[in-house]
Structures are given as C-alpha cells and as structure tokens.
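Structure record follows, encoded as structure tokens.
The values are calculated or read from the model by the stated rules, or taken from the named source; none is laboratory data. Because the structure is a prediction, the values reported are computed rather than measured. In this analysis, Cβ positions are derived from the backbone assuming ideal geometry, glycine residues included, and neighbour counts consider all displayed protein chains. Side chains are part of the model used for accessible areas, which takes the heavy atoms of the whole protein and leaves out ligands, DNA and RNA. Shrake-Rupley method; radii C 1.70, N 1.55, O 1.52, S 1.80 Å.
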Amino acid sequence: MKLKYFSHSAFQITTENNISILIDPFLDDNPTSPVKSKDVKADYIILTHGHGDHLGDSFKIAKRWNSTFICVNELANYCSEHGFKAHNMHIGGGYNFDFGRVKFTIAHHGSKTPDNQYTGEPSGVVLSVENKNVYHTGDTGLFYDMKLIGEMTPIDYMLLPIGDNFTMGITDAVKAAELVNPKVAIPMHYNTFPVINADPNEFKKIVEAKGISCKVLKFGEEIIL
Ligand code: NI
Ligand code: MN
C-alpha cells in the first residue's frame, strides 16, 4: 500500500488493488497542500472529528466519487443527513472493511462542524491494511492510554500532531511516540498556519534520540509502506 501526505492531518492510503482511503482531507483552503480536492479520488473518507480543518473538502470529494464516510456515530449521521453514504462506528470499536480494519480510539479535543453542529467525540483511528498498522491520532493532547493503544496493536506508522496550540507540541508528541512505540513516527498538523508553526526536524531529532525512527514527509510526498 501507499501513504500520501497532503499536509496538515490529510493523508491518503491506496491499497494494492487501488482502493483509495482519505483521512481528514483538508485541501482547497489549506495553504500548504499542493493537491486540491478535484485531483483526489476517494472510495472511503475517514474523519477524526468535525472541525473545518479535518472535514475539509470531504463533501465535495464524496459527491464526485460516491465515497463512504467512516467516522464516529454523530459525525457519520451528520454526513448521512447531507445525503452521503456513511458507516457509523464509535470509539473502541473496530470493523473489517474490504480494504482492511478500522478501529477508533479516544482523542482529547473538541468536535463541532463549521456550521456549528456537535458531531460527537473527537477520535483517532488505527488502520490495519495489508499487514501494516497505521495509527492516525487525530487532533489530541497527550494521554497515557496511548500506551494501551500501542500494546493492543503493534503500530508500524504513527501519524501524530506536533504543531502545539490546538494539539500536542513537540515535547508531548515525543512522549506520545514513546508510549505507543511505533516503528516509525510521522509528524503532522504543523506549519499550516502561523499559530501551529513547528520544526518537524527538531521533532525527528528528539524522538530518534529516544530510539524511535521518524520520517518527515514533504507536503505532497507519497511513500510505500
Ligand atoms: Ni481539531
Ligand atoms: Mn485540527
């Protein structure tokens, strides 16, 4: 499978048989994304919460591709109410889709849409696709139960925020990576706006000194997992 980083918290996973899964596709109004919504395909769209910088261009994309949303119940209902296909889940629950398994985790944050609808608890997500486990933490502060998440599912790639202000900053993100102990940590949610400016190479240096590999993805870069 392939993992593409658009910037902010927006990623695309593409399976061997070409199923495209977008996570938090905030593209058109995202000043750092080199890719815009008209250029991406989505069979599935996973949303971690309802904030505008995560809901992003989901509806535009889903309309074009007839994508299925995967998110916590309240947010999934919000998508359904707008006429989209949705698979309702909730924190702690997993489900086997045609591309692999999705399990939702806690995240300490908020979740309201740009049009002021409450969309349930914010979440993180663990994806198990083609024998790799990817943990996208969503927007969150540091929490000790990350240790449990890493124990229950050995994580290959942990995608975690380092931008501070709304989420973990570098110091807390290093601790989060230590708790989860992934094979590779990939920083996200930084440099999109001045208030979340952070140096991913500083994160890399500190977390690698703790024995955890780190890959800083360029905005628009795609890697093979
Ligand atoms: Ni948020
Ligand atoms: Mn955010």
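The magnitude of the dipole of the chain, with charges of +1 and -1 set on the Cβ of Lys/Arg and Asp/Glu and taken from the Cα centre, is near 420 debye. Remark on residue 6: its backbone amide H falls under 5 Å from those of 11, 12, 220, a criterion applied only to residues 5 or more positions apart or on other chains, H modelled at 1.01 Å from N.
Mean-square fluctuations from a GNM of the chain, with a 10 angstrom spring cutoff on Cα atoms, peak among 196, 206, 23 at 206. Multiplying the residue separation of residue 17 and residue 112 by 0.36 nm and subtracting their alpha-carbon distance yields 30.8 nm.
Computed over region 150-218, the Cα gyration tensor eigenvalues convert (square root of 5λ each) into semi-axes of 20, 12, 10 Å, ordered from largest to smallest.
Heavy-atom accessible area for residue 60, with the other protein chains in place and a 1.4 Å probe, reaches approximately 100 Å².
Of all DSSP beta bridges confined to the chain, the antiparallel ones make up roughly 55%. Largest mean-square fluctuation among 34, 25, 182, in a Gaussian network model of the chain whose springs join Cα atoms under 10 Å apart, belongs to 34. For residue 198, the amide hydrogen comes within under 5 Å of the amide hydrogens of 191, counting only partners 5 or more places away or on other chains and with H modelled in the peptide plane. Legend: distances between Cα atoms for 175/215; 38/215; 60/103; 2/132; 147/210; pairs beyond 21 Å are 38/215; 60/103.
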